[in-house]
Amino acid sequence: MNPSLLGPLGRATSAYNDRIAVISGDITTLAVDAIVNAANTSLLGGGGVDGAIHRAAGPDLLAECRTLNGCATGSSKITDAYRLPCRKVIHTVGPVYSDLYPQRCETSLRGCYQSALQLAVQHGLKTIAFSAISTGVYGYPSYDAATVACSTVKAFLGSDEGEKLDKIIFVTFVEKDVRMYNLLLPRFFPPS
Ligand code: AR6
């Protein structure tokens, strides 16, 4: 892990292979090409990581988001990063988890990761840091969400489009997600 990726609060926990890493810390401190925000369909800010990103980016981010006409669940839109140290913010809208419709939730969450990665490629962005989409107030179980994240990223990196990306960083913020990623990443991404 290149230490220059990390701000004062960033803390590398593991680099699983040369294209996958997990960091425990605040995503707003990362000087990567793009960070992925767990937004809502309005794209007009909220709590959790969305609130932290808007606070750190400053009011110009909200002004740009107002021009985007929201975003559907399972889709992503991109903005500039303003006062953040990254270059771009990809806003994705995860599903509100319901155990009545786990398959529908999985399809939406997969769509978040896929659409964010596609946007990154379209914009020539190479190093992407994902927050743990939907695992906070949207209630997606950590193990299931991390499984979707890892499997979707693995499939994308193995595709022609995915070859254009250098590194994916999974950013964990709370202990349950740290445990899940440390459990699952070695299974999906054996060390290179
Ligand atoms: N850096 C990295 N991860 C963070 C940070 C941070 N600064 N802050 C929180 N997390 P959540 P959701 C983690 O609730 O479940 C918002 O109000 C957090 O611990 O932010 O997709 C939006 O506007 C958790 O693991 O997003 C939506 O209305 C992960 O980020 C709604 O919440 C996602 O938790 C979206 O809910």
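The values are calculated or read from the model by the stated rules, or taken from the named source; none is laboratory data. Because the structure is predicted, anything quoted here is derived from the model rather than measured. Glycine also receives a Cβ, built like all others from the backbone with ideal geometry; neighbour counts cover every protein chain displayed. Surface accessibility is based on the protein's heavy atoms, side chains included, excluding ligands, DNA and RNA. Shrake-Rupley method; radii C 1.70, N 1.55, O 1.52, S 1.80 Å.
Name the pairs: first residue in region 75-92 and closer than 11 Å to L61 by Cα and polar (S, T, N, Q), second residue in a strand (DSSP E or B) and open to solvent by less than 30 Å² (accessible area, probe 1.4 Å), Cβ to Cβ under 7 Å, at least 6 apart or on different chains?
Going by the 7 Å Cβ cut-off, the qualifying pairs are T79/V89; T79/H91.
Kindly indicate which of Y97, Y113, Y140 is in contact with a Phe, Trp or Tyr (Cβ under 6 Å, 6 or more places away or on another chain) and open to solvent by less than 20 Å² (accessible area, probe 1.4 Å). Show your work before the answer.
Numbers: Y97 fails: open to solvent by less than 20 Å² (accessible area, probe 1.4 Å); Y113 fails: in contact with a Phe, Trp or Tyr (Cβ under 6 Å, 6 or more places away or on another chain).
Going through Y97, Y113, Y140 in turn, the sole match is Y140.
Exactly one of these conditions fails for P141: (1) more than 30 Å from G58 (Cα to Cα); (2) in contact (Cβ under 8 Å) with a residue 40 or more places away in the chain; (3) more than 16 Å from the ligand (Cβ to nearest atom). Give me its number.
(3)
Being touching a Pro at 6+ places or on another chain (Cβ under 9 Å) and either within 14 Å of the ligand (Cβ to nearest atom) or open to solvent by less than 10 Å² (accessible area, probe 1.4 Å) (or both) is the requirement here; does T135 meet it? Spell out the reasoning first.
Details: touching a Pro at 6+ places or on another chain (Cβ under 9 Å): yes; either within 14 Å of the ligand (Cβ to nearest atom) or open to solvent by less than 10 Å² (accessible area, probe 1.4 Å) (or both): yes.
Considered against the rule, which asks whether it is touching a Pro at 6+ places or on another chain (Cβ under 9 Å) and either within 14 Å of the ligand (Cβ to nearest atom) or open to solvent by less than 10 Å² (accessible area, probe 1.4 Å) (or both), T135 comes out as yes.
Quick one: which residue in H123, H91 is within 18 Å of E161 (Cα to Cα) and not hydroxyl-bearing (S, T, Y)? Reasoning before the result, please.
Details: H91 fails: within 18 Å of E161 (Cα to Cα).
Being within 18 Å of E161 (Cα to Cα) and not hydroxyl-bearing (S, T, Y) holds for just one of H123, H91, which is H123.
Considering only region 55-66, state which residues are more than 9 Å from the ligand (Cβ to nearest atom) and not basic (K, R).
The answer is A57, G58, P59, D60, L61, L62, A63, E64, C65.
Filter region 155-192 for residues that are surrounded by fewer than 18 Cβ atoms within 10 Å (Cβ to Cβ) and of a type in the set (K, R) and give the result.
Matches in region 155-192: K164, K176, R179, R187.
Would you confirm, using the coordinates I've provided, whether N69 is within 13 Å of the ligand (Cβ to nearest atom) and at pLDDT 95 or above?
Details: within 13 Å of the ligand (Cβ to nearest atom): no; at pLDDT 95 or above: yes.
When the stated conditions are applied, N69 does not pass them.
Here are the criteria: (1) of a type in the set (S, T, Y); (2) within 16 Å of the chain's Cα centre (by Cα); (3) more than 26 Å from G47 (Cα to Cα). Tell me which single one S108 does not satisfy.
Unmet condition: (3).
Of G51, G47, which residue is open to solvent by less than 50 Å² (accessible area, probe 1.4 Å) and near the ligand (Cβ under 9 Å from one of its atoms)?
Details: G47 fails: open to solvent by less than 50 Å² (accessible area, probe 1.4 Å).
That would be G51, the only listed residue that is open to solvent by less than 50 Å² (accessible area, probe 1.4 Å) and near the ligand (Cβ under 9 Å from one of its atoms).
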